[in-house]
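Contents: one structure, followed by commentary.
Please treat every number below as a calculation from the coordinates, not as lab data. Source: prediction; values computed, not measured. Cβ atoms come from the backbone with ideal geometry, glycine included; neighbour counts cover every protein chain shown.
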Amino acid sequence: MAKIGHTLYQLQLLDIELNEQTSKLREAEGLQGESAELIAARGAYEQASKELAHWRSRLRDLEFELHRVMEKIAATEQRLYSGQVTNPKELRGLQQDHEHLKRSQQNLEDEVLLAMTRVDELEKQVAEAETKLEAVDAKWRAEQERLAQQIAQLQERIATTKKQRATLAARVEPPTLALYEELRLKKGGRAVALMVDQMCQGCRVMIPTSKAQIVRRGQELITCTNCGRILVVQD
């Protein structure tokens, strides 16, 4: 029985290690995928690019409209100063059209200047956002590569630990293994406790001398009178 008790203790160590490895694996897997930082950086770049495209399009439209108005002004001035129009009413109409077109030209030039300024600002924003996105993306890719390696290593270790556990569990009689599994569920994964100087290390309670002697002899499985864990003495 002494050997069985120690086998159960070794089995417990493997189970604890397996739980830790599985927890680390789940944590690493949870960190896979795009990070909030990457999503935010990409969003900022896309938003700035979208706004830049809008203002570039607006600038083209304004420049086209300005060119059209200037052509009309040139045509109106040609008629005004050609001497071909002599009718006072028609001349006044041309002058009013000319004044209106000049005001439109001024307004359009102001809007073109504003649009050009906005395009310049957004081009800088896009360049900065792109640089940041590239840096964040590089950092994210490196982290994902590290996680992938960590996950592969953990999966390999878990597979090895499971094989070791299966080999060890096969050496335990089914009733004893069932008792171990039952206690493991009830005691937070700690079914076996070491007895050191007649004290249970699971609950820190002293074991009666008679029971402690039986544990030391290892002739049968003894559980702690307080916490119910299987007691073993360390070799």
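Based on alpha carbons, the Rg and Dmax found for the range 136-235 are 20.1, 66 Å. For the chain, the Cα gyration tensor yields ellipsoid semi-axes of 91, 16, 12 Å (square root of five times each eigenvalue, largest first, whole Å). Taking 1.567 mPa s as the viscosity and 4 °C as the temperature, the Stokes-Einstein diffusion coefficient of the range 21-140 based on its alpha-carbon Kirkwood radius rounds to 69 µm²/s. Gain on full extension, evaluated as 0.36 nm per residue between MET206 and ALA135 minus their Cα-Cα distance, stands at 19.6 nm.
If you count Lys pairs in the range 113-200 whose Cα atoms are under 30 Å apart, skipping same-chain pairs closer than 8 places in sequence, the total is 6. For the chain, a Gaussian network of Cα nodes joined below 10 Å ranks VAL85, VAL172, VAL192 by mean-square fluctuation, and the top entry is VAL85. Computed from the C-beta positions of LYS186 and GLN144 and an R0 of 35 Å, the FRET efficiency is 0.30 to the nearest 0.05. Taken along the Cα-to-beta-carbon direction at a fixed 7 Å, the label points for ASP197 and ALA152 span 4.9 nm.
Given the chain, what percent of its DSSP beta bridges are antiparallel, to the nearest 5?
Numbers: 5 of 8 bridges.
Counting only bridges with both partners in the chain, antiparallel ones make up about 60 percent.
Take every pair of alpha-carbon atoms less than 8 Å apart whose residues are at least six positions apart; their mean separation over the length of the range 31-169 yields a relative contact order of 45 percent.
Across the range 82-94, coupling constants 3J(HN,Hα) worked out from phi with the 6.51/-1.76/1.60 Karplus curve, θ = phi - 60°, read 7, x, 7, 9, 10, 5, x, 5, 5, 5, 4, x, 5 Hz, and Gly and Pro carry x.
Could you check which residue among LEU25, LEU147, LEU80 shows the biggest mean-square fluctuation in a GNM of the chain with a 10 Å Cα cutoff? Taking springs between Cα atoms under 10 Å, the residue moving most is LEU80.
For every other residue with a beta carbon closer than 14 angstrom to the beta carbon of LYS132, add +1 if it is Lys or Arg and -1 if Asp or Glu, then tell me the sum. Before the final figure, lay out each step's value.
On the way: positive: ARG42, LYS124, LYS139; negative: GLU37, GLU46, GLU128, GLU130, GLU134, ASP137.
Result for the local shell: -3.
Taking a point 7 Å from the Cα of THR22 along the Cα-to-Cβ direction, the residues of the range 123-163 with backbone N closer than 14 Å to it are 155, 158-163.
Spin-label pair LEU80-ALA53: with each label point 7 Å from Cα along the Cα-Cβ axis, the two points sit 4.2 nm from one another.
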